[in-house]
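Trainee: Got a structure here, written out as structure tokens. Questions coming.
The values are calculated or read from the model by the stated rules, or taken from the named source; none is laboratory data. Only a predicted model underlies this, so the values are computations on that prediction, with no experimental measurement involved. As a convention, Cβ positions derive from the backbone with ideal geometry for all residues, glycine included, and neighbour counts pool all protein chains shown.
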Amino acid sequence: MNKLIMKRIFFIVCFFATVSCHSQDRAGLKLWYTQPSGSTWENALPIGNGRLGAMVYGNVDTERIQLNENTLWSGGPNRNDNPLALDSLTLLRDLVFAGRQKDAEEMANRIIVSKKSHGQMFEPLGELQLVFANHDNYDNYYRELDIEKAIAKTSYKLGDVTYTREVLASLPDRIIVMRLSASKPHGLSFTAFYLPALPNAKVRTTAARQ
């Protein structure tokens, strides 16, 4: 293969690599929809920061944001270890080294697997609802999850006003934030409700800061 052909191949490879990288940078990673989630949990958009999580439904008249927190589990404090495991560890290793894997597996099921609890269920924290009166006849609806920016966004038009909602779970600040905006002044009006998911939950609020 002569040098001229090699140069042409090199140029073509570099050209397509540049075009591919450029197109990926422009497109980004997004999930987008032209309809609200309704009451279907699987249609909501997830956000989270490792400690707090939320499912954003993107409904127009009644926005639903289901919340989770990483310490909410069913059951009480519990140790899952089996006290027999440590005393039998040497024998278990001998069975493995002797090639008796099946015997080792049966023994491990008896002495390592917990006899108490194999884990509890992750429980929901509650649901924040924002009710927007008379927001029924809307158009230009759009919602998305920007995976690169980790922002769930909902927008729609009501009359000559465009409404936008953005929800972000911040890792360094350890909070979930929602920003509501309207394209015209004094265009925002809503009622907020919080619905606890746990039967004995108590809700407390702090005074508004001036």
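Trainee: Among the listed residues S189, S155, which satisfies the condition of being more than 29 Å from T71 (Cβ to Cβ), outside any loop (DSSP other than H, G, I, E, B) and among the small types (G, A, S)?
Mentor: After applying the criteria, what remains is S155.
Trainee: Out of all the residues in the range 45-66, which are under 15 Å from T34 (Cα atoms) and either without any contact (Cβ under 8 Å) to a residue 24 or more places away in the chain or surrounded by 20 or more Cβ atoms within 10 Å (Cβ to Cβ) (or both)? Explain how you work it out, then say what you get.
Mentor: Within the range 45-66, the first condition is being under 15 Å from T34 (Cα atoms), and the residues that meet it are 45, 56-60.
Of everything in the range 45-66, those that are under 15 Å from T34 (Cα atoms) and either without any contact (Cβ under 8 Å) to a residue 24 or more places away in the chain or surrounded by 20 or more Cβ atoms within 10 Å (Cβ to Cβ) (or both) turn out to be L45, V56, Y57, G58, N59.
Trainee: Return yes when R179 is more than 28 Å from W32 (Cα to Cα) and charged (D, E, K, R) and no when it is not. Can you show your working first?
Mentor: Details: more than 28 Å from W32 (Cα to Cα): no; charged (D, E, K, R): yes.
For R179, the condition - more than 28 Å from W32 (Cα to Cα) and charged (D, E, K, R) - is not met.
Trainee: For R179, which of the numbered conditions (1) assigned by TED's automatic domain parsing to the domain that holds Y57; (2) in a loop (DSSP other than H, G, I, E, B) fails to hold?
Mentor: Among (1) assigned by TED's automatic domain parsing to the domain that holds Y57; (2) in a loop (DSSP other than H, G, I, E, B), R179 violates only (2).
Trainee: Identify all residues within the range 41-61 that are under 16 Å from D146 (Cα atoms) and aromatic (F, W, Y); write none if there are none.
Mentor: Answer for the range 41-61, where residues must be under 16 Å from D146 (Cα atoms) and aromatic (F, W, Y): just Y57.
Trainee: Can you find a residue that is basic (K, R) and surrounded by 11 or more Cβ atoms within 10 Å (Cβ to Cβ) anywhere in the range 79-91?
Mentor: First, the residues of the range 79-91 that are basic (K, R): 79.
Keeping just the survivors that are surrounded by 11 or more Cβ atoms within 10 Å (Cβ to Cβ) gives none.
Looking through the range 79-91, none of the residues is basic (K, R) and surrounded by 11 or more Cβ atoms within 10 Å (Cβ to Cβ).
Trainee: If you check every pair at least six apart or on different chains, which have Cβ atoms under 6 Å apart with a residue in the range 84-98 that is without any contact (Cβ under 8 Å) to a residue 12 or more places away in the chain first and a residue that is surrounded by 13 or more Cβ atoms within 10 Å (Cβ to Cβ) second?
Mentor: Filtered contacts from the range 84-98: V96/A104.
Trainee: If you go through the range 161-190 one residue at a time, how many are among the β-branched types (V, I, T) and farther than 21 Å from A44 by Cβ? Before the answer, list the steps.
Mentor: Kept after step one, since they are among the β-branched types (V, I, T), are these residues of the range 161-190: 161-162, 164, 167, 175-177.
Those left that are additionally farther than 21 Å from A44 by Cβ: 161-162.
Matching residues across the range 161-190 total 2.
Trainee: Given the criterion surrounded by 15 or more Cβ atoms within 10 Å (Cβ to Cβ) and either within 16 Å of the chain's Cα centre (by Cα) or not assigned by TED's automatic domain parsing to the domain that holds M55 (or both), identify the matching residue among E106, E127.
Mentor: On the way: E106 fails: surrounded by 15 or more Cβ atoms within 10 Å (Cβ to Cβ).
Unique residue meeting the criteria: E127.
Trainee: Does at least one position in the range 133-147 carry a residue that is polar (S, T, N, Q), touching a residue at least 24 places away in the same chain (Cβ under 8 Å) and not in a loop (DSSP other than H, G, I, E, B)?
Mentor: no
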